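Working notes, structure below.
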């Protein structure tokens, strides 16, 4: 019973979202098989903190500036592990001294959020 209620709620939400999207930006039809949708872009200014320029130069190539503000509060070690993972696992070309600066930025802006 609860599962079917969840499915019905999810379906209703999906229909609601589709209707809102259709009302906001009607699709432009070029021909029968192609539709162009105009999407709203939401930009967020980066959070101010030490070494912000190093963070912007290295991290926003792959991540939006909003990405940091969406993260839970993490310790310096955890942020260090994340930056190390970006370098070693995903191949981010970040020099070691800049990685340390990025960690300081992430700790500063992530700890101060309310």
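No lab work stands behind these numbers, since they all come straight from the coordinates. In this text the structure is predicted, and so the values were computed from the model without any measurement. FYI the Cβ positions are ideal-geometry reconstructions off the backbone, even for glycines, and counts take in every protein chain you see.
If you filter the stretch 100-114 down to residues that are more than 18 Å from residue 57 (Cα to Cα) and touching a helix residue (DSSP H, G or I) at 6+ places or on another chain (Cβ under 7 Å), you find that the one that is surrounded by the fewest Cβ atoms within 10 Å (Cβ to Cβ) is 113. For the stretch 100-114, the candidate set comprises residues that are closer than 14 Å to residue 49 by Cβ and in a loop (DSSP other than H, G, I, E, B); within that set, the residue that is nearest to the chain's Cα centre (by Cα) is 113.
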